[in-house]
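> I'd like to ask some things about the structure below.
The values are calculated or read from the model by the stated rules, or taken from the named source; none is laboratory data. Quick caveat, the model's predicted, so the values are computed rather than measured. Virtual Cβ from ideal backbone geometry, glycine too; neighbours counted across all protein chains shown. Areas reflect the complete protein model, heavy atoms only, side chains present, ligands, DNA and RNA absent. Shrake-Rupley method; radii C 1.70, N 1.55, O 1.52, S 1.80 Å.
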Amino acid sequence: MVNKMVLDKREQILEVAEELFAEYGFEGTSVRELAKKANVNVAMVSYYFGSKEQLIKALIQLRAGTFKQTLEALNNDGHSPVEKLNLLVDFYVERVFTHHRFHRVINREISLHQRSSFNKTISDILLKNFEEIKKLILDGQKKKVFRNVDVELTIASLIGTISKVVQSSYFSCRIINIDPDKNSIFEEEHKKRVKKHLKDMMQAHLLRK
């Protein structure tokens, strides 16, 4: 019971941190404000995480770590390279759309250069997922299913497209001709549209003619 209570409190703090970091930024969020919103005392935040930097690192490890497990399982299953590519798009879009606040936090942090050592820590965590996606594409090339493209920039194109859609949600609505005052880019029909587009784009780019 005690362990579950500890876990619940820790997860509660992480959830609130994600919300506040997304809305106000890492620098704009105080530990005191975070503790108040999470309904815990300031000492508890320090007890679980030590510092605000360690807290955001724990958040990134949590979100990125579970996605890495998904990617590893995908790389080790028996699907064809094209099936893996389509599943990758499905998993990635679902992940980003579900945790769009987290990705707002990440994009904001890695776009700054105020804390280079901290940004390196974030990048090192995220690059583990990048390497799993790279394995998937390289395997398709090895099996002569995918063309010999620039793998790193191909992944950057995939990540960049999804990130732009969710980070600029108002503008994305305008681009795809929906009213941003009445609709959300995160609605199911728009998510399906993003998945279809990315699958078409990646296949057109990767598949041998």
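> Provide the per residue accessible area, probe 1.4 Å, for region 8-127, rounded to a whole number of square angstrom.
Averaged over the residues of region 8-127, the accessible area is 50 Å².
> Helix-derived [θ] at 222 nm for the chain: sum -39500 (n - 2.57) over DSSP H runs of at least 4, divide by residue count, nearest 500? Before the final figure, lay out each step's value.
Details: 10 runs with 163 residues, N = 209.
Using -39500 (n - 2.57) per qualifying helix, the result is -26000 deg cm²/dmol.
> Moving on to the next point. Using the Kirkwood radius over C-alpha pairs as Rh, can you work out the diffusion coefficient of the chain via Stokes-Einstein at 25 °C, viscosity 0.890 mPa s, in µm² per second?
Estimated diffusion coefficient is 131 µm²/s.
> Please list, in chain and number order, the residues 5+ apart from F146 or on another chain whose amide H is under 5 Å from its amide H, with Hs placed from the backbone.
Those qualifying (amide H under 5 Å, at least 5 residues apart or on another chain) are Q141.
> Could you tell me the largest-minus-smallest coordinate of the C-alpha atoms of region 18-132 on each of the three principal axes, in descending order and whole angstroms?
Its Cα atoms span 50, 30, 23 Å along the three principal axes.
> For every other residue with a beta carbon closer than 13 angstrom to the beta carbon of K143, add +1 if it is Lys or Arg and -1 if Asp or Glu, then tell me the sum.
Once all neighbours under 13 Å are counted, the net charge is +4.
> Return the carbon/sulfur percentage of the accessible area of the chain, one whole number, probe 1.4 Å, all protein chains in place.
Numbers: 6190 of 11730 Å².
Answer for the chain: carbon and sulfur cover 53 percent of the accessible area.
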